[in-house]
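In what follows, a single structure is set out as structure tokens and then discussed.
The values are calculated or read from the model by the stated rules, or taken from the named source; none is laboratory data. Note that the structure is predicted; figures quoted are calculated from it, not measured. Methodologically, a virtual Cβ is constructed for each residue, glycine included, from the backbone with ideal geometry; neighbour enumeration extends over all protein chains shown. Quick note on the areas: whole protein, heavy atoms, side chains included, nothing else; ligands and nucleic acids left out. Shrake-Rupley method; radii C 1.70, N 1.55, O 1.52, S 1.80 Å.
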Amino acid sequence: MHVKRGEVTLPIGQVPSLLPGDRIWVHPDLPESQSEHFVLVVAFLRGATNPPPANWFTRVETWTNSVRDEGVFVVVPAEAQQALLFLAPETGGDFATLRRAVHDRPGAFVRAGQDLQAASLDRMRLEAYLAEVNTISQTDPALLKERTERAARSLGIRLDQQCFDKPTDQQAPCLVQHSDGLVLDDTNAQSLVSQLMNGSTADLMNQISYSSLGGAGAYSPYVGAIVDTARILASLHTAHFQYIPALALPTKDILSLRLNTPPSFRDPKSVVVVALPPVGPAKPPPLHPTNSSAEYCAQQPGLVLPVEGAPLVFATQMATGLALHVETHDKGKPAAAGKATTFDIPVKADSSAGGLVLMETAPLLAEAYVNAELRGKWGFDEWNGPRFHLHSAQPGMWALDASEQSALVVGREDKLHLKGDNSLCMDRVEMQSGDGKPLKLAWTSGKDDTVEVSVPLKDAVPGAVHLAIYQHGLEKPQVLTAKSYAEAASLERLTLSAGETNATLEGTRLDEVAKARLDGIELKPAGLNRVGDKDELGMSANGSTAGLVPGKRYVAKVELEDGREVSVAATVILPRPAVTLLSKGTQEEATATPSPVHLSSADDLPINQRLVFFLKTRVPAIFRRDEKVEVGAVDGSFETVLTLADGSLMLEDATTAIGMVEPLARFGSSAFGPLEARVTSSDGLAGDWLPLGTLVRLPGFKELHCPRNPTKACTLMGTNLFLAESIGASPVLDNATEIPADFTGTQLSVPHPANNLLYVKLRDDPATVQTLTLPVLPALPGGSAPVQTTPAQATPAQAAPATASPGAGPS
């Protein structure tokens, strides 16, 4: 049987429904030795309450040569809703009797046709399931449970899980026993159950469900449909004809008929009733992914896309030309821009695989993530199925965490964590062993696109470890290198101050530490430092440590990355002092001559002025009178101690202290640079350093003499002029005078000031531009000449000697 619609002809096995105007070609495939003549009647129905007209019935004499050779064409009429085939032994009045029976009781044949069509489709699902169990049991018995469960899910069959409790050789016979009673488990089956169990057939179905035909109590809507159809057709029994149902099981263009009742060729003779596909638009199958958010590697060989919801896709041939349609865009360009690349990957519906199997491996995609859509045909109609999320391997995407590049220790199985884009396309990870043969490593996918790789180093020697990462679709592996060491983690002590959340763990190989526990408090690593030949691991507590008793002996449990737990002595010391810097400033002696240099930064502290700063205590609650304040250079080149006893430290109240330092007197004239302070207790515990500013020394600028012509240079006179690095007439110090570090003179040639202002960079703080204000005096008369230094942009002809002898010519 073929069906032609327009210019397209399909075998009956690929036709889910008919439409008015379709041309049906029927060729009865009876043997040459057929002794009984059969009349084939093709009939169309238009509803239970509207009998079909006489010309909707076509009589075909199957024994004639023309029919045997060429078959017969029948056109589906307009308004038709169903199509039936009747196969009856030739007898007088056979055609008229059939036509009259259908005309008089169209509703019975409408219902019988619907149930027969549903039962035929359900039977095809059972046939597909039985074939899968038979194939799997013979080819791969070890996977019988896994593959049978997938086939049952795909075909909508409810399995008897107790079969898998039996010995292996008994599982397959158990799964296929009572095949007519296997429960069909899908939406269509449930609707049939509701329909059959709530009508006049309820008593009949209750009885059939307890018979061996019904599966000994396993109720099947497929069996119900057959029994109910037989009952309906039996009500049409006449003296000459009895109607028996036949299941139509198409394979390509062959429509095989299966009977539950043997036909009779004596009165009442049997009329075989066959249902053809319904007349009307085809409904696409409700196929959907088993997990709509799942992602799959496009290049994985034999990739299976798990789907469910449409058993007929797996049990019939109605879905054809299935392919996965992929659309990608140029790398780095949005979907709206760039040229799209599209291609189709043919797929096959495989119930034992549990979904759609890619028949070809996808090529590498320009994008790491793409969406693909299942496309094909459902009968004559184009079908756009579900969408899937595909991932494509990208070269060079995996990296070894920097903290683990030196974390391997020989003598055990260690673990490394690889960070990458996605592990879906990862095929395998290999390590180059000592004999040159690659060793396949075990790996598992973790969270946040990480992969944990087990590296066996029990019998290895320290050195480089090379990991080769193979991904589906990429020809060459990505190679990562780590380093292994012979030493293991060694712990010395854990130290922390009571009340603080920060602790310090001392030892070696502390990069292996995962966490620690001390008296119910958990500590996590917070930063690793190498101090000499030891490690110092900063750790942070997740709770308060105020309950720890200073001086008490504690033992902490330290858990390493490999799962081992090591004990280490813990020392709890008194809380360290903690203060807050409220403010700072400088004071000038009342009798001192103010410097003409005006400092532009509040952090610059002149060495010849008093430094005053206020501290607010946090720990302890009040300032203790035995506490001291250390003030010194950040680089440790000089320091001093302020105390209440010597008056350099004074309490404003119980919580606030004032520190006063005479830098020149305390540190001498060679002190300069960043300055900091901290509080220390009488127990020797020191708090954190607080920045105070930058100590600077100022040249002793005295006089500025300038000629009337503003284009000519001026003479700047003073002492310690080498403490300035450059002097100019603008804030950007363009064309400024650069002062050599070894300058010994007392006079400088500088640019003419603008608005009586010069700009200075001090050698102690070259990042800040200061201002210099001096009265502009008339140019010196003939006499000592100022030393000419080299401007930043001066030409060789303009540059003057770096030094000059007294008595040189006038400026």
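Set the Förster radius R0 to 45 Å, insert the Cβ-Cβ distance between Val634 and Ser454 as r into 1/(1 + (r/R0)^6), and round the FRET efficiency to 0.05.
Here the calculated transfer efficiency is 0.45.
Enumerate the amide H contacts of Ala514 below 5 Å, restricted to partners 5 or more residues apart or on another chain; note that Pro and chain-start residues carry no placed amide H.
Glu559, Leu560, Glu561
Taking a label point 7 Å from the Cα of Ser292 along the Cα→Cβ vector, which residues of segment 310-330 have an amide N closer than 19 Å to it?
310-311
Quick one: accessible surface of Trp63, probe radius 1.4 Å, all protein chains present, in square angstrom to the nearest 10.
50
Which ³J(HN,Hα) values in Hz, rounded to whole numbers, follow from the phi angles of segment 462-479 under the Karplus curve 6.51 cos²θ - 1.76 cosθ + 1.60, where θ = phi - 60° and Gly and Pro get x?
So the Karplus estimates, Gly and Pro as x, are x, x, 6, 10, 9, 10, 9, 9, 9, 10, 4, x, 9, 6, 10, x, 8, 9 Hz.
Applying 1/(1 + (r/R0)^6) with R0 = 30 Å to the Cβ-Cβ distance of Arg100 and Glu7, what FRET efficiency is obtained, to the nearest 0.05?
Values: r = 38 Å, r/R0 = 1.27.
In this case the efficiency is close to 0.20.
Using only Cα atoms, locate the centre of segment 265-310 and the centre of segment 587-637, then give the distance between them in Å, rounded to an integer.
Answer, in whole Å: 87.
Can you work out the FRET efficiency for the pair Glu413 and Glu522, with r the C-beta to C-beta distance and R0 = 45 Å, to the nearest 0.05?
Efficiency at R0 = 45 Å is approximately 0.95.
Where a Cα-Cα gap under 16 Å defines reach, which aspartates and glutamates qualify for Lys476, not counting those fewer than 8 residues away within the same chain?
Result set, ordered by chain and number: Asp427, Glu430.
What distance in nm separates the two pseudo spin-label positions at Ala399 and Thr719, each 7 Å out from Cα along the beta-carbon direction?
5.9
Could you go through segment 618-635 in sequence order and give the Karplus-derived ³J(HN,Hα) for each residue, using 6.51 cos²θ - 1.76 cosθ + 1.60 with θ = phi - 60°, rounded to whole Hz, and x for Gly and Pro?
Karplus-based 3J(HN,Hα) across segment 618-635 equals 10, 9, x, 5, 10, 6, 8, 6, 9, 6, 10, 10, 8, 10, x, 6, 4, 7 Hz.
Where in segment 605-631 does the amide nitrogen come within less than 15 Å of the point 7 Å from the Cα of Thr580, taken along Cα to Cβ?
Residues 614-623 fall inside that zone.
Enumerate the calculated ³J(HN,Hα) couplings along segment 694-709 in order (Karplus 6.51 cos²θ - 1.76 cosθ + 1.60, θ = phi - 60°), each rounded to whole Hz, writing x wherever the residue is Gly or Pro.
10, 7, 10, 10, 10, x, x, 5, 10, 9, 10, 10, 9, x, 5, 6
Subtract the Cα-Cα distance of Trp689 and Ser264 from 0.36 nm times their separation in residues, and report this length gain in nm to one decimal.
In short, 142.1 nm is gained.
What order, most packed first, do the peptides 245-257, 106-118 have when packing is the mean number of other Cβ atoms within 10 Å of each residue?
Details: 245-257: 18.0, 106-118: 20.5.
Top of the packing list down: 106-118, 245-257.
Taking the alpha-carbon distance from Lys616 and a cut-off under 28 Å, which lysines remain once sequence neighbours fewer than 8 residues away in the same chain are dropped?
Lys584, Lys628
If you average the C-alpha positions of segment 1-36 and of segment 71-147 separately, how far apart do those two centres end up, in angstrom?
Using only Cα atoms to place each centre, the spacing works out to 14 Å.
Pulled fully out, how much extra length does the chain show between Leu439 and Ala590, if you take 0.36 nm times their separation in residues and subtract their Cα-Cα distance?
Details: separation 151, 0.36 × 151 = 54.36 nm, distance 8.23 nm.
Extending this stretch completely gives an extra 46.1 nm.
Pull up the cross-link candidates among the lysines for Lys252, meaning alpha carbon to alpha carbon under 29 Å and not fewer than 8 places away within one chain.
Lys4, Lys283, Lys348, Lys377
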